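Let me begin by presenting the structure, written as structure tokens, before commenting on it.
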Amino acid sequence: MKAGLMKFWKEEDGATAIEYGLIAGLIAVAIIGTLTLLGTGLDEMFGKVIDELPTTPA
């Protein structure tokens with residue numbers, strides 16, 4: 001019983017999978033944050049461009 005418990009305690013496969021999951025989660029959060037910031041900036045930039053364009057007569 002003690003040998004089985006020690007083998008389970010030393011096994012690191014599960015910890016590696018959890019670490020990869022945490023890294024993937026952090027990358028996803030960074031991508032979402034970056035796209036959110038860029039999306040707001042792009043929206044403002046295109047709004048300024050639209051305001052500066054001359055309107056065509058109907």
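The values are calculated or read from the model by the stated rules, or taken from the named source; none is laboratory data. A quick note: this is a predicted structure, and the numbers were derived from the prediction, not measured. Here Cβ is always computed from backbone atoms with ideal geometry, including for glycine, and neighbour counts include all displayed protein chains.
Scan segment 31-58 for residues that are in a helix (DSSP H, G or I) and not hydrophobic (A, V, I, L, M, F, W, C) and jot them down. Write out each step before concluding.
Kept after step one, since they are in a helix (DSSP H, G or I), are these residues of segment 31-58: 31-52.
Scanning segment 31-58 gives 33, 34, 36, 39, 40, 41, 43, 44, 47, 48, 51, 52.
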Practice item. List every residue pair whose Cβ atoms lie under 6 Å apart, where the two residues are 6 or more positions apart in sequence or sit on different chains, the first residue falls within segment 12-30 and is on the phi > 0 side of the Ramachandran plot, and the second residue, located anywhere, is surrounded by fewer than 10 Cβ atoms within 10 Å (Cβ to Cβ) and modelled with pLDDT of 95 or more. Key: none
Review point. From the list 40, 36, which residue is under 14 Å from the mean Cα position of the chain (by Cα) and either at pLDDT below 90 or loosely packed, with under 10 Cβ neighbours inside 10 Å (or both)?
Key: 36
